[in-house]
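Here is the structure we will look at, set down as C-alpha cells.
The values are calculated or read from the model by the stated rules, or taken from the named source; none is laboratory data. This structure is a prediction, so every number in the text was calculated from the model and none was measured. Please note: Cβ atoms are built from the backbone with ideal geometry, for glycine as well, and neighbour counts cover all protein chains shown.
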Amino acid sequence: MLDQKIALKYYSREEILNEIVYNSKDREIAVRFGESFGKRPDAIKYPHDIIEFAKNGATSFHCSIELWKNPLQLGLNIDKRQLDELRTGWDLVIDIDCKLWEISKLVSHLIVQALKKHGIKNVSCKFSGNKGFHIGVPFEAFVFDGKINNSDIRQLFPDAPKKIISYLANYIDRKENDFELTRMILSRYSSTEIAKMLNVEPDKIFRRICTSCGKDASAIKAKNEKISCPKCMTQNDVTSEISSRAISCKKCNFIIPINESEKKERCKYCKSTEFTEKLNTEYIIGIDTILISIRHLFRMAYSLHESSGLCSLPINPDDIIGFHREQANPELVKPKYRFLNREDVLHGQGKSLLIQAYDYHSRISGESGKSDDNYEYKLPDKAVPREHFPPCIKKILEGISDGKKRSLFILLNFLRSAGYDYDSIKKMIYEWNKKNREPIRENYIEGQIAYHLSREKTILPPNCKNQMYYIDIGVCIPDNLCSRISNPVNYAIISSGKKKQRKIK
C-alpha cells in the first residue's frame, strides 16, 4: 500500500499540482483515500485543493472520460436527459491492461499506430501506474460539421468510443495487417509460455483462419464438395474424411473416382482451401469496452497508484515499446508530456475513424443477422426463480475476486432479462457485492444500476462463447443443459419451463 507521507510529499510538488489541475478542467473528480473513495461528484480547481486532499490522506485522483458544464451538478438520481444537457463532450480513452506486461506494450504500440493510420495526429499515451497503458484522443478531434446516426457527436457516449475501440481491436488483429499482433507476440513468447502465463489450455491459444478471406475456419463446411455421378447425374457429397480415391454413388452405386483436390477442406465463405493458425487474441488483447459507461472514471495523469506506488506517467506514444515501469518512480518523475493535451487539436481529424467504426459495426451486425434494429427481447411475465439460474450466474452470486465490473455488467443484464424489477435487482446486486473479496464502491454500482435500468431496450448479457466474460472470469461451469443454449438467459427460460419470448418489430 502506498505510504501517505510519500503521497503528500509527491502531491506537494508544484509541477505535479499544475498538471493535475490542468487535467481536472470540466471533469468529474473522485479522490481515493487508500481502500475507499471520497464523495462523488467532486472537483479540483486550484493546486491548494490537491494539497488539502493529500493532507487528509488522499492517495490517488480519478476523473471522468466525459466533459461537463458543471460536474458538481451530477448526482446519483440524475436522469439521462439531465446528463445529456450537462455533457459537453467526451474523450477517447483506451484502457489496455493485458495480463502480460510485454504484450500490454505491444498492443498499446499497435493501437497508437492504428490511430495514426486513420489520420489521428493528436494521440497521447500514459502508463496506467501498474500493468498497462491509457491511449487518449481529445474530443475536439471528433468534432466536425455533421452528425452520426442523426445524433450530436457530444451525445454519442458511450456508444461512439465503444464502437471505435472495438473496431481498433479488430483492426490490429485482422488479416489485412498480416496478423501483425500474432507475429510480434510469437517473436517473444512460445505458445506454451503464453498458455501458462494466461492459465489457459494450450489448444485454446490458437484458432484456424482462412488465409483468403481472413474469417474463422470454424465455419469450414462439414461436407465440402459435391460431385456428379457420370451415370445417373446424382449429386454426391465428398468430405475431407474420405480416405479412398473413389466413392459409390448413393443412388445407383456406380463407382465415382475422386481427386485429392476435391477432398480438401474449404472455407464456407470463399471456398479457399488454404488455412493458417492465428493467436486467439480474445485471451490476450485486454481491451474491455464494457467498462466504458456513463460517468466512468480513469486514473488521472501524474496520479499515484496505490498497489504499485508508481506514477501514472504520460510518455511519448512512440516510445511505448522501450518504456520500463521503473521510469514511473515518483522520485524520478519530471513532467514532460501531457495526456489529452487540448492545445492545437485539429478539429475533425477523427471523422474518418468514427465513420469507419460505425460502418464496421453495421457490417458485422448484418453478417450475424442480429442487428438490434431487427428484434427486441420481451421480458417474461414473472421473474425466473433463482433455482433456475445457470451455473455461471449462481457462481458469480457467490462472490468473486477478479472480474467484478464485468460480473456486474452480466448480472444487471441477466436479472433484467430474467424479469426482475428495479428494487429486486438493486437488493441482489448489493447482497452480491458484500460477498466479493474487495467490494465495488457503492456509488459506481448505483450509477450502473441507474444507467442499465433506464434504457428502454432490454439487453441480453454476453453470450456464453464470449471468452472475455464467463471463461476469463472463471465462472463457466457447464452442466448438461449448457450445451443446448447460447446465452445464460436461454438457460433460465428453458430450465424454468418458460418459452423464450422475442417480439419482432
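Could you list all residues from the stretch 416-460 that are of a type in the set (S, T, N, Q) and surrounded by 15 or more Cβ atoms within 10 Å (Cβ to Cβ)?
Quick first cut of the stretch 416-460, residues of a type in the set (S, T, N, Q) only: 417, 424, 433, 436, 443, 448, 454, 458.
Correct list: Ser417, Asn433, Asn436, Asn443, Gln448, Thr458.
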Residue list for the stretch 112-132, filter: of a type in the set (D, E, K, R) and touching a residue at least 12 places away in the same chain (Cβ under 8 Å): Lys121, Lys126, Lys131
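Looking at this structure, is Arg32 surrounded by 14 or more Cβ atoms within 10 Å (Cβ to Cβ), out of contact with any helix residue (DSSP H, G or I) (no Cβ under 9 Å at 6 or more places or on another chain), not acidic (Asp, Glu) and not in a helix (DSSP H, G or I)?
So Arg32 fits the description; yes.
Of the residues Ile396, Ile440, Ile425, which is out of contact with any Ser or Thr (no Cβ under 7 Å at 6 or more places or on another chain) and assigned to a helix (DSSP H, G or I)?
Numbers: Ile396 fails: out of contact with any Ser or Thr (no Cβ under 7 Å at 6 or more places or on another chain); Ile440 fails: assigned to a helix (DSSP H, G or I).
Residue meeting the stated conditions: Ile425.
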Cβ-Cβ under 9 Å pairs, at least 6 apart or on other chains, the stretch 69-86 side farther than 23 Å from Lys45 by Cβ, far side part of a loop (DSSP other than H, G, I, E, B): Lys80/Ile294; Lys80/Arg455; Asp84/Asp152
Checklist (1) among the hydrophobic types (A, V, I, L, M, F, W, C); (2) over 24 Å from the mean Cα position of the chain (by Cα); (3) surrounded by fewer than 16 Cβ atoms within 10 Å (Cβ to Cβ) applied to Trp101, failing item: (2)
Cβ-Cβ under 8 Å pairs, at least 6 apart or on other chains, the stretch 1-13 side in the same structural domain as Val31 (by TED's automatic domain parsing), far side of a type in the set (D, E, K, R) and crowded, with 16+ Cβ neighbours inside 10 Å: Met1/Glu306; Leu2/Glu306
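Among the residues of the stretch 92-108, how many are assigned to a helix (DSSP H, G or I) and of a type in the set (A, V, I, L, M, F, W, C)? Break it down stepwise before answering.
Filtering the stretch 92-108 for residues assigned to a helix (DSSP H, G or I) gives 101-108.
Right, trim to of a type in the set (A, V, I, L, M, F, W, C) and you get 101, 103, 106-107.
Residues meeting the conditions: 4.
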All positions within the stretch 35-48 that are under 19 Å from Glu14 (Cα atoms) and either surrounded by fewer than 11 Cβ atoms within 10 Å (Cβ to Cβ) or among the basic types (Lys, Arg) (or both): Lys45
Which listed residue is modelled with pLDDT of 70 or more, small (Gly, Ala, Ser) and either touching a Gly at 6+ places or on another chain (Cβ under 9 Å) or within 22 Å of Leu353 (Cα to Cα) (or both), from Ala169, Ala195: Ala169
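Can you tell me which residue among Gly136, Gly89, Gly119 is assigned by TED's automatic domain parsing to the domain that holds Asn23 and assigned to a loop (DSSP other than H, G, I, E, B)?
Details: Gly136 fails: assigned to a loop (DSSP other than H, G, I, E, B); Gly89 fails: assigned to a loop (DSSP other than H, G, I, E, B).
Unique residue meeting the criteria: Gly119.
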Matching residues in the stretch 72-93 - criterion: being charged (D, E, K, R), over 16 Å from Ala160 (Cβ atoms) and surrounded by 19 or more Cβ atoms within 10 Å (Cβ to Cβ): none
Identity of the residue in the stretch 394-409, of a type in the set (A, V, I, L, M) and surrounded by fewer than 23 Cβ atoms within 10 Å (Cβ to Cβ), that ends up nearest to Lys99 (Cα to Cα): Ile400
